[in-house]
Amino acid sequence: QLALSVEPSTMTDHHFMSTRVPTKPVSNAVHAGYDGAAKRDDGIPLYGMDKELADKAAAKFDPKMEREAREWIEAVTGEALEGTLQEALKSGVVLCALVNALKPGVCKKPSTMKMAFQ
C-alpha cells in the first residue's frame, strides 16, 4: 500500500488559492442589484416570470382609460372614489354601488367591515 501523507501545517489557504485557474467573466453584464430591479407595490423586487408578467401588465395599462372609467363610475354612483381605481374597487363596495345604480336591487348592501370574514 502507498500512503500519501501531507502535514496540515504545510497546506494553507494561500497554497490552494495559488493553484486555481483564473476564470473569465461569463458576460459583461453589470448586476443592477435591488435598486435597479422592477418592484411590486410593496417594494419587493421582481425577477424572472414575476417581472415578465409585471412588465406585460404595465405595457397594457392605459392611464387615459383608467381616468375615463373612474369618471364614469363616479358619475353613475354619485360618489368620489378614494385612492387608485384598483384600491377603490378592491373591496367590492364601489362595484355593488355601481351595479345597484345601473339596476337597483341586484346587489345587496355590502359589508363595510375591514375584517376578511364575518
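A short reminder: the numbers here are calculations on the coordinates, not readings from a lab. Source: prediction; values computed, not measured.
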Going down the table (39/64; 60/108; 64/90; 51/108; 39/108; 39/90), which pairs top 30 Å between alpha carbons? 60/108; 51/108; 39/108
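Divide the volume of the convex hull of the Cα atoms of the stretch 30-109 by its number of residues and quote the answer in cubic angstrom per residue.
On the way: hull volume 10.2 nm³, N = 80.
Convex hull of Cα atoms, per residue: 128 Å³.
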